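Report on the structure given below.
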Amino acid sequence: MSTQPASTEQVWAWLGEVSDPEIPVISVVDLGIVRAVDWEDATCVVTITPTYSGCPAMTVIADSVKDALHGHGVPDVRLVNQLSPAWTTDWMSDAGKAALKGYGIAPPAQQVIDISALHAGVKRGAAPKLIVICPNCGSGHTELTSQFGSTPCKALFKCLDCREPFDYFKCH
């Protein structure tokens, strides 16, 4: 006899409503921070991975996850911080990337594990130029302004067509 108060699918849905504290238009599920939801008897075990080691938002995220589940009647929640494998932007959902773009943040322009340069005739040792699309006007005529944007996981770019600055969520 199961003692869990909700299905695993329902818990995933509830967690999909928990916003990232730094980028409120994307959920912790769409960001790829939530790695697993399991039940151990009546305890809901949620595995999370920080976007980078030392991410200052992880305490707020952990509290938000617990608060959301408690609010939905899950009394016993245990969080597991999983550092390996390290989080990657490849774990972001398509809905999350679209939400970033709609918010004015350019989503990652490539996968972290990207072997396309091996097939593109690029000289050995030369990295292909990253083309970041402006979330404001859609132009690919952009340039890096700073490796660090409003948070450490973003870089600052500017569009050379509409002249607007924007954050780019770095691949990592």
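The values are calculated or read from the model by the stated rules, or taken from the named source; none is laboratory data. Quick caveat: nothing in here was measured; it's all calculated off a predicted structure. Reconstructed Cβ throughout: ideal geometry from the backbone, glycine too, with neighbour counts over all protein chains shown.
In segment 27-43, the qualifying residues are those that are of a type in the set (Gly, Ala, Ser) and closer than 15 Å to Val11 by Cβ, and the one that is surrounded by the most Cβ atoms within 10 Å (Cβ to Cβ) is Ser27.
Where strands (runs of 3 or more DSSP E) fall wholly inside segment 21-89, no range has 2 or more residues that are of a type in the set (Gly, Ala, Ser), outside the structural domain of Thr151 (by TED's automatic domain parsing) and at pLDDT below 95.
Of all the residues that make up segment 152-172, how many are assigned to a strand (DSSP E or B) and touching a Pro at 6+ places or on another chain (Cβ under 9 Å)? Of the residues in segment 152-172, 8 are assigned to a strand (DSSP E or B) and touching a Pro at 6+ places or on another chain (Cβ under 9 Å). Residues of segment 140-151 being assigned to a loop (DSSP other than H, G, I, E, B) and surrounded by 15 or more Cβ atoms within 10 Å (Cβ to Cβ), which ones? Result: Gly149, Thr151.
From the set of residues in segment 56-70 that are within 23 Å of Phe169 (Cβ to Cβ) and in contact (Cβ under 8 Å) with a residue 12 or more places away in the chain, which is surrounded by the fewest Cβ atoms within 10 Å (Cβ to Cβ)? It comes out as Val60. Filtering segment 121-139 to residues that are surrounded by fewer than 14 Cβ atoms within 10 Å (Cβ to Cβ), at pLDDT 85 or above and within 27 Å of Tyr52 (Cβ to Cβ) leaves only Ile131. On inspection, Val80 qualifies as touching a residue at least 12 places away in the same chain (Cβ under 8 Å), farther than 12 Å from Ile33 by Cβ and not aromatic (Phe, Trp, Tyr).
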